[in-house]
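Trainee: Got a structure for you, written out below as structure tokens; questions coming shortly.
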Amino acid sequence: MSDFFKGIPQVRYEGPDSTNEFAFRHYNPDELIMGKRMEDHLRFAVAYWHSFAWQGGDPFGGQTFERPWFGPTMADAKLKADVAFEMFDILNAPFFCFHDADARPEGATFAESLRNLEEITDHFAQKMETSRTRLLWGTANLFSHRRFMSGAATNPDPEVFAYAAATVKSCIDATHKLGGQNYVLWGGREGYETLLNTDLSREAEQAGAFLRMVVDYKHKIGFKGAILIEPKPQEPSKHQYDYDVATVYGFLKRFGLEGEVKVNIEQGHAILAGHSFEHELALAASLGLFGSIDMNRNDYQSGWDTDQFPDNVPEMARAYYEVLKAGGFTTGGTNFDAKIRRQSLDPADLILSHVGGMDVCARALKAAAALLQDGSLERARSDRYADWDRPANRQMLSASLETVAQRVLDETINPQPKSGRQERLENLWNRFV
Ligand code: XUL
Ligand code: CO
């Protein structure tokens, strides 16, 4: 037991009137929502990188946090893991997520990095014997080290492609060993800075081949979790290939992998792509791609990826409405890919950021479930399309252009516009949030 969180109690549900900072006011794991425990709906995960590996740097300044585990040795990595599992316990977090580079020191060679990863993930496995926290997903960091500056799978240098493949294999192995429920691929530098030095056709072919290898390997080792791509439009690259859900779908179709891979949708990435979070969720669900979410927002004034904890219940309610409509999570969950601000130095800040985020999501889930159960919104939506259920109208979808044109003449069709009723639906929505 480290003394990092000394004096901080286990966080428990105390109800909306509690004034205890270290209590949940809305996140009540055992409360039944639509017949399912709240914990099983939300499936919260702590992101190892932001909470334990990030040192507080921004483009203008370096480290602001002083943590006893910041250092290059395996002993540092193990202390970091011990403190991480202490935080998972304090929060009663059902899941965590990690990249290889968050957890182990970089070795001088690939073989040494691999040994370090195996040692630290064995340490995780040992911690997991007494902890209730499971692994939601593992992933590889293919973007921080300078070897990946021009991409991983899409690098012009085949040696980098090979190194990235070896890295991803090691991370799938680690995820599988720890019973991870998903494996995530975020193409952090799979994109380009300038078309002047970029061959789009080759890079897409490389990315397709890489993903095919990942999917084949998953089946070979019997990994039952989902492979998830996390879309993002830009940053770090000027243009990222996994721009948004629609782009990822096109890519998967092109390489015949649409039945094999789903998406991990991040709130802030959706906004950077010029969409809303709920748009990305609804589209993924309608394409059969919905997998998991990263529930972290950006600052609306700054316009970049600030990875903040969610604090806006009505916005999150839109998201959980789509999650519930999609049938809820199966292997996926709600990962807080969120970091405290660089001025938030205290150990308590790490805990309270998660407490607040979990409460916001819980309130949002409750509002979304109430509206879905009420049914008025879904009834209004299906009424709007009801005429399409009449056989004569449905048949048009498989008819020829001339047949439909003839119908207009025969039946003297002359459409009368109908209200979209947006404001009435907005008012309905606001009754529930
Ligand atoms: C970066 C991002 C990543 C992925 C995992 O914007 O969201 O942390 O979630 O690599
Ligand atoms: Co993310």
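The values are calculated or read from the model by the stated rules, or taken from the named source; none is laboratory data. This one's a predicted model, so the numbers in the text were calculated from it and none came from an experiment. So basically every Cβ, Gly included, is an ideal-geometry build from the backbone, and we count neighbours across all protein chains shown. In case anyone asks, the SASA skips ligands and DNA or RNA and just uses the protein heavy atoms, side chains included. Shrake-Rupley method; radii C 1.70, N 1.55, O 1.52, S 1.80 Å.
Trainee: For the pair residue 213/residue 235, report the inter-label distance in nm, with labels modelled 7 Å from Cα in the Cβ direction.
Mentor: 3.1
Trainee: Taking the Cα centre of the stretch 317-424 as origin, sum charge times position over the Cβ atoms of Lys and Arg (+1) and Asp and Glu (-1), and report the length of that vector in debye to the nearest 20.
Mentor: 220
Trainee: Please give the calculated 222 nm ellipticity per residue for the chain, where each DSSP H segment of at least 4 residues contributes -39500 (n - 2.57) and the sum is spread over every residue; nearest 500 deg cm²/dmol?
Mentor: -14000 deg cm²/dmol
Trainee: So what is the accessible area of the chain per residue, in Å², with the probe set to 1.4 Å?
Mentor: 48
Trainee: Please compute the modelled spin-label separation between residue 169 and residue 199, points set 7 Å along Cα→Cβ, answer in nm with one decimal.
Mentor: Here the answer is 2.5 nm between the modelled labels.
Trainee: What's the magnitude of the charge dipole for the stretch 60-149 around its Cα centre, counting Lys and Arg as +1 and Asp and Glu as -1 at the beta-carbon? Answer in Debye, nearest 20. Spell out each step's value before the answer.
Mentor: Numbers: 10 positive and 13 negative charges, 45 e Å.
I would put it at about 220 debye.
Trainee: Using a cut-off of 12 Å between beta-carbons, work out the net charge of the residues near residue 324 (Lys and Arg +1, Asp and Glu -1, residue 324 not included). Present the calculation step by step, with values, prior to reporting the outcome.
Mentor: On the way: positive: 36, 318, 325, 366; negative: 278, 322, 378.
Combined, the nearby Lys, Arg, Asp and Glu give +1.
Trainee: Give me the dipole magnitude in Debye, nearest 20, for the chain about the Cα centre, with unit charges on the beta carbon: positive for Lys and Arg, negative for Asp and Glu.
Mentor: Values: 47 positive and 61 negative charges, 168 e Å.
So the magnitude is around 800 debye.
Trainee: Per the Kirkwood treatment, what hydrodynamic radius in Å, one decimal, follows for the stretch 91-144 from the mean inverse distance over all distinct Cα pairs?
Mentor: Averaging 1/r across every pair of different Cα atoms and inverting gives 12.0 Å.
Trainee: What are the DSSP H helices in the chain that stretch 18 Å or more along their long axis, judged by alpha-carbon atoms, and whose average Kyte-Doolittle hydropathy comes to at least 0.5?
Mentor: Helix filter hits for the chain: 74-91, 347-374.
Trainee: Which number comes out as Rg/Rh for the stretch 42-132 once both Rg and the Kirkwood Rh are worked out on C-alpha atoms?
Mentor: On the way: Rg = 13.6 Å, Rh = 13.9 Å.
Looking at the stretch 42-132, the ratio lands at 0.98.
Trainee: Pull out the extension gain between residue 389 and residue 311, defined as 0.36 nm times the separation in residues minus the alpha carbon to alpha carbon distance; nm, one decimal.
Mentor: Extending this stretch completely gives an extra 24.0 nm.
Trainee: Would you work out which of 123, 150, 229 lies farthest towards the positive end of the dipole of the chain? Charges go on Cβ: Lys and Arg +1, Asp and Glu -1.
Mentor: So the residue we want is 229.
Trainee: Please give the contour-minus-distance gain from residue 20 to residue 381: 0.36 nm per residue of separation, less the Cα-Cα distance, rounded to one decimal in nm.
Mentor: On the way: separation 361, 0.36 × 361 = 129.96 nm, distance 4.18 nm.
My answer for the length gained is 125.8 nm.
Trainee: Using a 1.4 angstrom probe on the protein heavy atoms only, line up 54, 49 by accessible area, largest first. Could the numbers behind the result be given before it?
Mentor: On the way: 54 50, 49 25 Å².
Putting 54, 49 in descending order of accessible area: 54, 49.
Trainee: Could I ask something else about it? Ignoring ligands, DNA and RNA, what percent of the accessible area of the stretch 384-432 is carbon or sulfur (1.4 Å)?
Mentor: Percent of accessible area from carbon and sulfur atoms in the stretch 384-432: 52.
Trainee: If the cut-off is 18 Å between C-alpha atoms, which aspartates and glutamates fall inside it for residue 224, apart from same-chain ones fewer than 8 positions away?
Mentor: Within the straight-line limit of under 18 Å, residue 224 reaches these aspartates and glutamates: 173, 216, 258, 260.
Trainee: Quick one: among 372, 79, 397, which has the greatest mean-square fluctuation in a GNM of the chain with alpha-carbon springs under 10 angstrom?
Mentor: Fluctuation is largest for 397.
Trainee: Quick one: what does P(r) look like for the stretch 323-433 with 10 Å bins over all Cα pairs, in whole %?
Mentor: 10, 24, 21, 20, 13, 7, 4, 0
Trainee: Convex hull over the alpha-carbon atoms of the stretch 160-250: what's its volume per residue in Å³?
Mentor: 101
Trainee: A follow-up question, please. So if I take the centroid of the Cα atoms in the stretch 359-426 and the same for the stretch 53-118, what is the distance between those two points in Å?
Mentor: For the stretch 359-426 versus the stretch 53-118, the Cα centre distance is 50 Å.
Trainee: Could you grab the Rg to Rh ratio for the stretch 208-352? Cα atoms only, Kirkwood for Rh. Please list the in-between numbers first.
Mentor: On the way: Rg = 16.0 Å, Rh = 16.1 Å.
Dividing the radius of gyration by the Kirkwood radius yields 0.99.
Trainee: Over all pairs of distinct alpha carbons, what does the Kirkwood formula give as the hydrodynamic radius of the chain, in Å?
Mentor: Averaging 1/r across every pair of different Cα atoms and inverting gives 23.4 Å.
Trainee: Charges on Cβ only, +1 for Lys and Arg, -1 for Asp and Glu, centred on the Cα centroid of the chain; of 399, 259, 73, which one is farthest towards the dipole's positive end?
Mentor: Selected residue: 399.
Trainee: Please work out the FRET efficiency for the pair residue 109 and residue 276, using the Cβ-Cβ distance as r and a Förster radius of 51 Å; give the result to the nearest 0.05.
Mentor: Working: r = 45 Å, r/R0 = 0.88.
Once the sixth-power term is evaluated, E becomes 0.70.
Trainee: Here's a follow-up. What do you get for Rg/Rh of the stretch 1-75 when both radii come from the Cα atoms and Rh is the Kirkwood radius? Write down the numbers at each step before the final one.
Mentor: On the way: Rg = 17.5 Å, Rh = 15.9 Å.
Looking at the stretch 1-75, the ratio lands at 1.10.
Trainee: If the elastic network links every pair of Cα atoms under 10 Å, which of 417, 29, 68 fluctuates the most in the Gaussian network model of the chain?
Mentor: Between 417, 29, 68, it is 417 that shows the largest mean-square fluctuation.
Trainee: What distance in nm lies between label points placed 7 Å from Cα along the C-beta direction at residue 399 and residue 12?
Mentor: Between residue 399 and residue 12, the label points sit 6.6 nm apart.
Trainee: Indicate, rounded to the nearest 5 percent, the antiparallel portion of the DSSP beta bridges found entirely in the stretch 12-374.
Mentor: Close to 15 percent.
Trainee: Per the Kirkwood formula on distinct C-alpha pairs, the Rh of the stretch 384-432 is how many angstrom?
Mentor: Hydrodynamic radius (Kirkwood, Cα pairs) of the stretch 384-432 is 13.5 Å.
Trainee: So how much slack lies between residue 254 and residue 118, counting 0.36 nm per residue of separation and subtracting their Cα-Cα distance, in nm?
Mentor: Difference between extended and current length: 45.5 nm.
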